Amino acid sequence: MEATEDQLILATGGYDHTIKVWQAHTGNCIKTMRFVETSQVNALDRTPDKTRLAACGYQCIRLYDLESNCTAPVINFDGVQKNVTRLGFQEEGKWMFTAGEDHRVRIWDMISAPPHCSRVFDCQAPVNAACLHPNQVEIAMGSQNGGVYLWDVKSEEHEQLVPEMDASIQDVAISPDGHYMAAANNKGNCYIWQLSINPHQKLSIICPKKKIQAHSRSILRCKFSPDSRLLVTTSGDGTACIWKTDDFTKWRELSIENYWVWDAAFSADSKWLFTASSDGIARLWKLYTKALARDYTGHSKAITALSFKDEIVAD
């Protein structure tokens, strides 16, 4: 079924303790949900069926219903320690992963009611980032001690890399085609590895590919486009840089001067990019022309997370 314009939903969250849901094609805010008064929103992700939105922050994980008028969470996850930094869903929504500063990446069984934690990986250091491999089995993780981990959820096999000493890994990403893994750190560097399958072992083979000196300040997010041809890095230097994955050269640079660019999300056709920044505005950019197509204004403080998983309506 093709999505109608009303179903093109952008979600944003930030330091004002709110989560806003927008019509992506109009810029209209259609719903505002309260988060937690003691925390900013660290990450957002929609369930694969697009009916619910998960959000995480300091000592909290919340699940909201996007189809009802209710602005309160429908599920509060219990027993969460410290800052929860990332979350995401298995492609069928059967389980969710979360990462946090309690050193752990957790797998939550979403089929059971209420959801419960079914598996835990200890990184031995605060975890800033995690993402799921498209094979739905391996999870990449990045920690504050500079470690990058690849964990096979089924076999429990794992591998650790330390690309740069005395640097904190701020984000990790795996391309949708499964060929590349990226890890970005607080020194502005982004490391790329090539991933390949070995029939004699369960864990992907990791081969160093490239070091990109991407930004003059800390990188905050790195994400591959849905077609795997582009990589975006966002930074405290006020830019979002887009790199071509055929040679990892810079293709575009989007600038929001004097503000941090906290997060970014590609459209499903990889032609558009949303950015979230510390001026409290989310923006939609047409990548080919670098043209700013739309602003999403309404947050009173920095936007630190966003989520979008649809096609963009043509201009």
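The values are calculated or read from the model by the stated rules, or taken from the named source; none is laboratory data. Note that this is a predicted model, so its numbers are computed, not measured. Backbone-built Cβ (ideal geometry, glycine too); neighbour counts: all protein chains shown. SASA here: full protein model, heavy atoms, side chains in, ligands and nucleic acids out. Shrake-Rupley method; radii C 1.70, N 1.55, O 1.52, S 1.80 Å.
Here are the numbers for the structure shown:
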quantity	calculated
So THR47, is it polar (S, T, N, Q), closer than 23 Å to LYS223 by Cβ and buried (at least 20 other Cβ atoms within 10 Å of the Cβ)	no
Matching option when the condition is more than 30 Å from GLY147 (Cβ to Cβ), basic (Lys, Arg) and touching a Gly at 6+ places or on another chain (Cβ under 8 Å), among LYS82, LYS20, LYS50	LYS20
ILE197 vs. criteria β-branched (Val, Ile, Thr) and over 21 Å from the mean Cα position of the chain (by Cα)	yes
Tally, over the stretch 114-149, of residues that are polar (S, T, N, Q) and either more than 20 Å from CYS190 (Cα to Cα) or touching a residue at least 60 places away in the same chain (Cβ under 8 Å) (or both)	4
Meets criteria (over 20 Å from the mean Cα position of the chain (by Cα) and open to solvent by 40 Å² or more (accessible area, probe 1.4 Å)) for TYR288	yes
Identity of the residue in the stretch 57-68, farther than 17 Å from ASP109 by Cβ and hydrophobic (A, V, I, L, M, F, W, C), that ends up least open to solvent (accessible area, probe 1.4 Å)	CYS60
Elements of type strands (runs of 3 or more DSSP E) contained in the stretch 266-315, each with 2 or more residues being of a type outside the set (A, V, I, L, M) and under 22 Å from SER228 (Cβ atoms)	272-277, 281-286
Any hit, the stretch 239-256, residues being open to solvent by less than 50 Å² (accessible area, probe 1.4 Å), at positive phi, out of contact with any Gly (no Cβ under 9 Å at 6 or more places or on another chain) and touching a residue at least 40 places away in the same chain (Cβ under 8 Å)	yes
Selection within the stretch 18-77 - free of Cβ contacts under 8 Å to residues at least 24 places away in the same chain, under 22 Å from GLU311 (Cα atoms) and either basic (Lys, Arg) or in a strand (DSSP E or B) (or both)	GLN23, ILE30, ARG52, ASP65
Selection from the stretch 94-116 of residues that are modelled with pLDDT of 95 or more, of a type outside the set (A, V, I, L, M, F, W, C) and either part of a strand (DSSP E or B) or surrounded by 15 or more Cβ atoms within 10 Å (Cβ to Cβ) (or both)	THR98, GLY100, GLU101, ASP102, HIS103, ARG104, ARG106, ASP109
Where a residue in the stretch 157-185 is at positive phi and its partner, wherever it lies, is part of a loop (DSSP other than H, G, I, E, B) and surrounded by fewer than 18 Cβ atoms within 10 Å (Cβ to Cβ), with Cβ under 6 Å and at least six apart	GLY178/PRO134
